[in-house]
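Taking it in order: structure first as structure tokens, then the write-up.
What follows draws every value from the coordinates through simple rules; no lab data is involved. Fair warning: this is a prediction, and the values are worked out from it, not measured in the lab. Every residue, glycine among them, receives a Cβ derived from its backbone with ideal geometry; neighbour counts consider all protein chains shown.
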Amino acid sequence: MTGYLTMAKEESNLSDDEVILKIPNKEIKKLFKSTVKEWFNDTIQNTDRKELFTALWGQDDKKCAEIISNLIFNTISYHDYKEDFYHAFTAGILSYAGYKVKSNREQGEGRSDIFLYDERIHKAIIIELKHSNSIKDMKKMCENALKQIHDKKYAEELENEYDEIIFYGICFFKKRCEVKSERYK
């Protein structure tokens, strides 16, 4: 009724109480982006992320998984989302906390999902994210993510810049998160 959303199209395979909507124009899209960004920032910024970063720099995989899973549980719906959604979510929770965060940075022979670094302490974290279709495959997907970091040589060009580089394979299944880390060299 307010014009913020309009019906996109009729779909015959939808139930009677479902409809596909779209954002009607650029101005409304900009408004949605700023509103969602503000909501996300308020939600995440009001979360004490110090504990998350302590766990990340300390390679406390279990604590990282617990914190990220709690953030997912309290902020988003997992329906219809794949790896790119979890990628944006993870980059968002790591941003604006005093560390440099780069997404899809070209490194080695590919692009790492997330590159987090602190120039003051000469430490870096390379994160590869995966999405699983089942709980039982989550650990294997974390291992696949770590293997990808090695195979694509994401850390090689960084080894002279940072005293410590930590690899993270993070896998998501619905509102669950599995984390596996290892130190480079």
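Quick notes
- Equivalent-ellipsoid semi-axes of segment 49-183, from the Cα gyration tensor, Å, largest first: 22, 17, 13
- Segment 88-100 - phi-based ³J(HN,Hα) in whole Hz, Karplus 6.51/-1.76/1.60, Gly and Pro as x: 4, 4, 5, 4, x, 6, 8, 7, 6, 10, x, 10, 7
- Backbone geometry of segment 109-124 corresponds, through the Karplus equation with coefficients 6.51, -1.76 and 1.60 at θ = phi - 60°, to 3J(HN,Hα) couplings of 10, x, 10, 6, 5, 9, 10, 10, 8, 10, 5, 5, 9, 6, 10, 9 Hz, x marking Gly and Pro.
- Backbone amide hydrogens, once placed in the peptide plane, bring K130 within less than 5 Å of I170, C171, F172, excluding anything fewer than 5 places away on its chain.
- Segment 150-162 - phi-based ³J(HN,Hα) in whole Hz, Karplus 6.51/-1.76/1.60, Gly and Pro as x: 5, 4, 8, 6, 4, 9, 4, 6, 9, 4, 8, 8, 10
- The label point for E83 and the one for I121, both projected 7 Å from the Cα toward the Cβ, are 2.9 nm apart.
- Sites A97 and E27 - FRET efficiency at Förster radius 22 Å, r taken between beta-carbons, to 0.05: 0.10
- K174 paired with D137, simple spin-label distance in nm, labels 7 Å along Cα-to-beta-carbon: 1.6
- Global geometry of segment 113-178, whether rounded, prolate or oblate, following the gyration tensor of its Cα atoms and the 1.5 cut on a/c: prolate
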